[in-house]
Amino acid sequence: MLQVARLAPNLLREATERVDDFLRNQINPDGGFRDRAGHSDLYYTVFGLEGLIALRQEPPYWRVRPYLEQFGDGDGLDLVHLACLVRCWAALPSGSLSPAIARRLAERLDAFRAGDGGYGPNPGSPAGTVYHGFLVLGACQDLGVPVPDAKGLATSVRALQLDSGGFSGRPGLSAPSTPNTAAALTLLRQLGSPALPGGSDWLLGQACPDGGFRAGEGTPVPDLLSTATALHALAGMQVSFEHLKEPTLDFLDTLWTSRGAFYGNWTDDVADCEYTWYALLALGHLSL
């Protein structure tokens with residue numbers, strides 16, 4: 001994702017500096033990036049760091065490192081923030097994370113393995129979710145270690161594909177969503193375990209005529225998360241979306257703010273690191 005997002009300045013041009021300013025202004029005195037309430041959060045710190053890197057700028061590592069060090073080996077963190085801690089360390093210069101802490105982080109990640117071979121929000125979950133499996137795969141890649149049971153993870157995620165071709169986020173849900181389908185298709189492709197046919201067609205079916213992708217069937221308006229993740233998944237499968245580029249660029253333009261950031265959708269009124277990062281990812285794919 002980061003490699004593609006680094007192409008965003010090709011379309012941002014002179015606006016790149018404004019996005020850079022916005023992201024740097026999201027750093028709190030403790031070195032963490034702000035969430036929507038203004039508090040430092042590992043989740044938003046991932047997007048802040050990678051957003052600056054995508055702009056081909058060097059983040060202020062010296063400010064961020066003390067913030068990350070306070071979390072130690074991730075004891076007490078939920079799986080989302082544990083994976084974010086790993087991703088943040090991966091964004092820092094090589095060698096920043098000690099091998100001992102890296103080993104402990106990998107052990108803590110594996111504690112969230114579910115009964116079906118996937119990964120869930122809590123240790124001992126009976127079944128995994130697409131989102132948590134996707135996070136663990138990325139964290140293992142960041143740590144440079146293999147997923148302990150790649151076959152089990154793939155089996156867990158494949159079980160969530162519905163007859164429509166889309167994926168639900170967890171067992172028991174009957175409706176697919178764009179972010180979950182995009183994450184599942186990307187995860188399975190990286191594991192070398194392709195999904196059943198129909199996933200890319202379902203994703204393309206969520207494209208809105210006036211630009212952007214909606215979160216799922218019946219959702220009235222598109223959003224930035226669905227748009228960026230759908231484009232990324234389609235590109236990874238080498239599925240053309242050339243006919244969607246111009247309207248999608250128009251959609252992104254409607255979410256641009258004078259502050260150098262992007263809103264998540266048309267009803268949003270708070271700009272943050274997360275959606276600005278997803279805009280960079282989408283712009284990167286649209287620049288190709």
Quiz item: Restricting attention to the alpha-carbon atoms of segment 71-204, what are Rg (one decimal) and Dmax (integer), both in Å?
Solution: 15.0, 46
Quiz item: Distance in nm between label sites at residue 14 and residue 238, each 7 Å beyond Cα in the beta-carbon direction?
Solution: 4.0 nm
Quiz item: With θ set to phi - 60° and the Karplus curve 6.51 cos²θ - 1.76 cosθ + 1.60, what are the ³J(HN,Hα) couplings of segment 221-231 in order, to the nearest whole Hz, using x for Gly and Pro?
Solution: 10, x, 9, 6, 4, 4, 5, 5, 5, 5, 4
Quiz item: Points 7 angstrom from Cα along the Cβ direction at residue 103 and residue 190: gap in nanometres?
Solution: 2.5 nm
Quiz prompt | Environment charge at residue 58 (Cβ cut-off 15 Å; Lys +1, Arg +1, Asp -1, Glu -1) | solution = +1
Practice problem: Using packing as a proxy for protection, rank 105-117, 271-283 so that the peptide with the highest average count of other Cβ atoms within 10 Å comes first. | Solution: 271-283, 105-117
Quiz item: What is the gain in length, in nm to one decimal, between residue 62 and residue 287 on full extension, counting 0.36 nm per residue of separation less the C-alpha to C-alpha distance?
Solution: 77.8 nm
Self-check item: Interchain or long-range residues, amide H under 5 Å from residue 161's placed H
Solution: none
Self-check item: Alpha carbon centroid spacing (whole Å) that separates segment 28-105 from segment 109-153
Solution: 20 Å
Quiz item: Between residue 110 and residue 249, what FRET efficiency comes out of the Förster formula 1/(1 + (r/R0)^6) with R0 = 41 Å and r the beta carbon distance, rounded to 0.05?
Solution: 0.50
Exercise. Give me the net charge of residue 211's neighbourhood, meaning all other residues with Cβ under 15 Å from the Cβ of residue 211; Lys, Arg count +1, Asp, Glu -1.
Key: -4
Practice problem: Please compute the net charge surrounding residue 34, taking Lys and Arg as +1 and Asp and Glu as -1 over other residues with Cβ under 12 Å from its Cβ. | Solution: -3
Quiz prompt | the chain: relative contact order in percent, alpha carbon pairs under 8 Å with at least 6 residues between | solution = 19 percent
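FYI, it's all coordinate maths here, none of it is from the lab. Everything numeric in this text was worked out from a predicted model, so none of it was measured. Positions of Cβ are backbone-derived with ideal geometry, glycine not excepted, and every protein chain shown enters the neighbour counts.
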